[in-house]
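Trainee: Sharing a structure, written as structure tokens. Questions coming.
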Amino acid sequence: SQQGEEDPQALSIQEGENATMNCSYKTSINNLQWYRQNSGRGLVHLILIRSNEREKHSGRLRVTLDTSKKSSSLLITASRAADTASYFCATDEGGAQKLVFGQGTRLTINP
Amino acid sequence: ETGVTQSPTHLIKTRGQQVTLRCSSQSGHNTVSWYQQALGQGPQFIFQYYREEENGRGNFPPRFSGLQFPNYSSELNVNALELDDSALYLCASSLTGPYGYTFGSGTRLTVV
């Protein structure tokens, strides 16, 4: 089953613009993670935010978490062509080590 | 730090055959998980191993089985392959607890 649902499914922007992706989930979580995947290769861990955190930054990435709305957002600032990839949110289920992924947002950065 | 390596990178099998996929975990990681990713979908959890014991399983039939070895490397075995088993199989290792996972580049399995 897939818990996280990303929105939009696809996003195309110009280089230098900001990109925002959203994720919603259904049950209570302990943490939420964001991953990047280039062209069907392995996933790269970007950031983990715990359920008691509201915002977290890592370089050009900013993640927010609203547990009351069961949603999270990933903001990539000053986008680059190398940011072109699919982005997935993943949640844990009740403390289990299992990650439940959404279907992802396909981000295209146009030069 | 060597990361997670998977082999082979690509594989073509015939329906009904059996396949074994291999994974070497990142140094220091004691937990390994396997995921199946169909084209255009997010990864689906197959199972996880911790200290050589299965530590959780997703909604996959028993013909999907695994092993974790003392050096934390792992295998995924799939028996009686079906066409729908065609997918990218991803191995991920981690430490126990709320940490990010390190994924391998995956094995692309095609069943014909």
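Trainee: Computed FRET efficiency, Cβ-Cβ of A:Thr108 and A:Val44, R0 25 Å: what is it to the nearest 0.05? Write down the numbers at each step before the final one.
Mentor: On the way: r = 18 Å, r/R0 = 0.70.
Once the sixth-power term is evaluated, E becomes 0.90.
Trainee: Counting only protein heavy atoms and a 1.4 Å probe, tell me what percentage of chain A's accessible area is made up of carbon and sulfur. Present the calculation step by step, with values, prior to reporting the outcome.
Mentor: Details: 2270 of 5170 Å².
The computed percentage sits at 44.
Trainee: Just to confirm, what accessible area per residue do you get for the protein assembly as shown at 1.4 Å probe, in whole Å²?
Mentor: 47 Å²
Trainee: Averaged across the residues of A:35-45, what count of C-beta atoms belonging to other chains lies within 10 Å of each residue's C-beta? Display every interim value, and only then the final one.
Mentor: Details: counts 6, 0, 7, 1, 0, 7, 8, 13, 13, 4, 7.
The per-residue average across the peptide is 6.
Trainee: Compare each residue of the range A:70-111 in its chain alone against the assembly with all protein chains, and report those whose accessible area goes down by 30 Å² or more; 1.4 Å probe, heavy atoms.
Mentor: A:Gln97, A:Lys98, A:Leu99, A:Phe101, A:Gln103
Trainee: Here is a further query. May I ask what percent, to the nearest 5, of DSSP beta bridges between residues of the protein assembly as shown are antiparallel? Present the calculation step by step, with values, prior to reporting the outcome.
Mentor: Numbers: 72 of 81 bridges.
So the antiparallel bridges in the protein assembly as shown amount to around 90 percent.
Trainee: Determine the percent antiparallel among the DSSP beta bridges restricted to chain A, to the nearest 5. Provide the component values of the computation, followed by the final result.
Mentor: Values: 38 of 43 bridges.
Antiparallel bridges make up about 90 percent of those DSSP assigns within chain A.
Trainee: Given labels modelled 7 Å from the Cα in the Cβ direction, how far is it in nm from B:Arg51 to B:Asp84?
Mentor: 3.6 nm
Trainee: Another question, then. Work out which residues of the range B:31-74 lose at minimum 20 square angstrom of accessible surface when the other protein chains are put back, relative to the chain isolated, with a 1.4 angstrom probe, and list them by number.
Mentor: For the range B:31-74, once contacts with the other chains are taken into account, B:Tyr35, B:Gln37, B:Gln41, B:Gly42, B:Pro43, B:Gln44, B:Phe45, B:Gln48 lose 20 Å² or more.
Trainee: Rounded to the nearest 100 Å², what's the accessible area chains A and B bury against each other, both chains counted, probe 1.4 Å?
Mentor: 1700 Å²
The values are calculated or read from the model by the stated rules, or taken from the named source; none is laboratory data. As the structure is a prediction and not an experimental result, all values here were calculated from the model. Note that each Cβ is placed from the backbone with ideal geometry, even for glycine, and that neighbours are counted across all protein chains shown. Just so you know, the surface numbers come from the protein's heavy atoms only, side chains and all, with ligands and any DNA or RNA stripped out. Shrake-Rupley method; radii C 1.70, N 1.55, O 1.52, S 1.80 Å.
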